[in-house]
1. How many residues does segment A:17-40 contain that are surrounded by fewer than 21 Cβ atoms within 10 Å (Cβ to Cβ) and within 15 Å of ligand 2 (Cβ to nearest atom)?
2. Those residues that are farther than 22 Å from A:SER174 by Cα, open to solvent by less than 50 Å² (accessible area, probe 1.4 Å), part of a helix (DSSP H, G or I) and away from ligand 1 (no atom under 16 Å from the Cβ), I need them from segment A:208-251; list them, please.
3. Could you list, in sequence order, the residues of segment B:177-207 that are farther than 18 Å from B:LYS265 by Cβ, modelled with pLDDT of 90 or more and not basic (Lys, Arg)?
4. Is it the case that some residue within segment A:153-160 is within 14 Å of another protein chain (Cβ to nearest Cβ), modelled with pLDDT of 95 or more and within 16 Å of ligand 2 (Cβ to nearest atom)?
5. Give the residues of segment A:173-207 that are away from ligand 1 (no atom under 16 Å from the Cβ) and of a type in the set (A, V, I, L, M, F, W, C), sorted by residue number.
6. Only residues that are within 9 Å of ligand 1 (Cβ to nearest atom) and modelled with pLDDT of 95 or more: list them for segment A:38-52, please.
7. Kindly provide the set of residues from segment A:161-184 that are away from ligand 2 (no atom under 16 Å from the Cβ) and of a type in the set (Asp, Glu), ordered by number.
8. Please find, within segment B:449-462, the residue that is nearest to the chain's Cα centre (by Cα) out of those that are crowded, with 24+ Cβ neighbours inside 10 Å and either on the phi > 0 side of the Ramachandran plot or of a type in the set (A, V, I, L, M) (or both).
Amino acid sequence: MLKINNLHASIEGKDILKGINLEIKPGEVHAIMGPNGSGKSTLASVLAGREEYEVTAGSVDYIDKDLLELAPEERAREGIFLAFQYPVEIPGVSTTNFLKTAVNQVREARGLDALDAVSFLKEMKAKMKLVDIDQALLSRALNEGFSGGEKKRNEIFQMAMLEPKLSILDETDSGLDIDALRIVADGVNKLKSDSNATIVVTHYQRLLDYIVPDFVHVLYKGKIVKSGTKELALELEEKGYDWIKEELATA
Amino acid sequence: MSKDDHILEEFTSKEYEHGWYVDFEADEAPKGINEEIIRFISAKKEEPEWLLEWRLKAFRRWTEMTEPDWSNVNYPAIDYQDIKYYSAPKQKEKPKSLDEIDPELLKTFERLGISLNEQKRLTGVAVDAVIDSVSVATTFKETLSELGIIFCSFSEAVQDHPELVKKYLGSVVPANDNYFSALNSAVFSDGSFCYIPKGVRCPMELSTYFRINAANTGQFERTLIVADEGSYVSYLEGCTAPMRDENQLHAAVVEIHAAKDAEVKYSTVQNWYPGNKEGKGGIYNFVTKRAICAGENSKVSWTQVETGSAVTWKYPSCILKGDNSQGEFYSVAVTNNHQQADTGTKMIHIGKNTRSRIVSKGISAGKSQNSYRGQVHVMKRASNARNFSQCDSLLMGDKCGAHTFPYIDVENNSAQVEHEATTSKIGEDQIFYCQQRGIDEESAVALIVNGFAKEVMNKLPMEFAVEAQKLLALTLEGSVG
Ligand SMILES: Nc1ncnc2c1ncn2[C@@H]1O[C@H](COP(=O)(O)OP(=O)(O)OP(=O)(O)O)[C@@H](O)[C@H]1O
Ligand SMILES: [Mg+2]
């Protein structure tokens, strides 16, 4: 469903992504790991369509579409979801209200009728259970004053509401306590199906115990330098990144 | 369903939507201002001698005054001799009831979304409809009069309740208060009058809807609200004007008198034509609004959503004379393209334990300039006076400006005056976050702006809040990207 070919991207004249190749099929879970600053969030932002990043070379095919041609909201309506590493605050706008706008714009683009207040609320209630999120949190201004963990949980709640085809979770595990990690991972697993795919960006193997990846990739200095199965994550946990860096140096 | 959703659903039309005008046959004064014109207006309205004298006196004062230039707005000099000071749609006979009103006039208001048909209206609101210089209809008069509430056009009040008009006219805003109030006092043509008797809680919202229709015409209306002891009223004001290339002058005066234990809420959604994208045309909105909390424990609150006008100069104020009286000012002012707004409030604390609260939200986009100007004055006698002011500015793009001019003047040591101000920009990351959830850029801006203005929007009566949210979005249309 997603095919990234030789993707190069820069910001403010600085090259960050330097030739990414990655193919993701429906039903798959891909984990992306890599040292700080290697370009993981940049990749996520470029896929989601953040305009500050300039794509300097390469292409991205997404279900028969040239992804890079689409506006960010069009990508979202086509089923791309990004759980942000740092979700922003929008003062005065409740999560409920925000999501209602989002859900209905997405539905409209998909040729569906807008949900009325009652059916929207019903839908919310169901999805709230999935990630065990508190109603009170959803009536507060979006992310304003939310704890780190609450923000992350809210991201997954939004993902549940928007039913994406390709979800990109950017360090959703960081900031979650042990119980929350399990709950959120459970939620993600329940949302998994044969027709959707997930990219999980993380630093910790722990998350991958819950959301079991089909592939693990190491992103380093803007390139995927190593790919493997979930055993690769265990190896990284144990040995860190130095051995990969050394491998690269000698290659 | 929440207000925000409403707006997004209804957010379809692109331009200033009230820009049309109707060709009424009109009864007009020739252009220009002089004593003769004032006599003409006064005679048209069959006014008593004292009122004519009052007008003439104001006119003489006005000729000695000069236009103020201290505000942070720029506009070409106004030629006061090039304006028509009176224009009334011709009606064959003075209508005795709503059934006799010219159907064209009714249609005009229907097009604005204001039905003057009592059966069709939501029962919660009584309307006084003013076109150009005259009030054309007032609804629910009978229902209200059963409670002793007087709600009618200013002209009718002059005829039917001269003692009340004489007592309160100019008592809060003296004719010579400022240049524009003097001009208004000389030539005001109509407006609304409202009196709530002792102990009566007005059961519905009262509203005045102003419409400028004729070309080259100024609108000078006057509103006078008197809330007697222990009474309560919530009052709404709305306004629109056609799109015309030349600027039109609107110089209104609103006076509110709140007696002991009385409470008045005054809400405005101001949507005068702002001019086109290049800054051509639009209304000059120079308005004097002032309330006096004359009695103990009285309370006046001003809520305004200012989206229209090419130039706005407006400071709804409260004189807190009665002990324990309270004044509030909640404002959202949005400017886009070449609009200029200089708006704010004055809270004058005279009585003991008086309280005031100011919440101002300025939103600037395009090349517009948006200024908050507020004065808090605590007089000697006002022990334990309290004021809290919060002024937030939101900027969209980097060609617009937001300015805050707080003046604080405290003559009593026991007073507590707090002022907080913030300036922020709509962040690209906020817009991107919304887009990533499938929300287009324009709706994202509407959402963020409504969130920013929420504290004030929540103060508006529901019916107005929806309209106000729509207006915010419309005003900011095309201001990003
Ligand atoms: N606006 C910017 N201007 C300059 N450099 C930037 C900008 N945004 C990101 N970068 C740089 O791009 C590089 C990649 O950043 P990115 O956020 O993609 O890393 P990451 O792999 O997600 O790291 P982490 O694990 O810490 O989240 C970093 O060196 C970062 O400083
Ligand atoms: Mg990152």
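The values are calculated or read from the model by the stated rules, or taken from the named source; none is laboratory data. None of the values given here were measured: they were computed from a predicted structure. All Cβ positions, glycine included, derive from the backbone under ideal geometry; neighbour counts span all protein chains shown. Accessible surface areas use protein heavy atoms only, side chains included; no ligands, DNA or RNA. Shrake-Rupley method; radii C 1.70, N 1.55, O 1.52, S 1.80 Å.
1. 3
2. A:TRP243
3. B:ASP177, B:ASN178, B:TYR179, B:PHE180, B:SER181, B:ALA182, B:LEU183, B:ASN184, B:SER185, B:ALA186, B:VAL187, B:PHE188
4. Checked segment A:153-160: at least one residue is within 14 Å of another protein chain (Cβ to nearest Cβ), modelled with pLDDT of 95 or more and within 16 Å of ligand 2 (Cβ to nearest atom).
5. Matches in segment A:173-207: A:ILE178, A:ALA180, A:LEU181, A:ILE183, A:VAL184, A:ALA185, A:VAL188, A:LEU191, A:ALA197.
6. A:SER38, A:GLY39, A:LYS40, A:SER41, A:THR42, A:LEU43, A:ALA44, A:SER45, listed by residue number.
7. Once the filter is applied, which keeps residues that are away from ligand 2 (no atom under 16 Å from the Cβ) and of a type in the set (Asp, Glu), segment A:161-184 yields A:GLU163, A:ASP177, A:ASP179.
8. Among them, the one singled out is B:LEU460.
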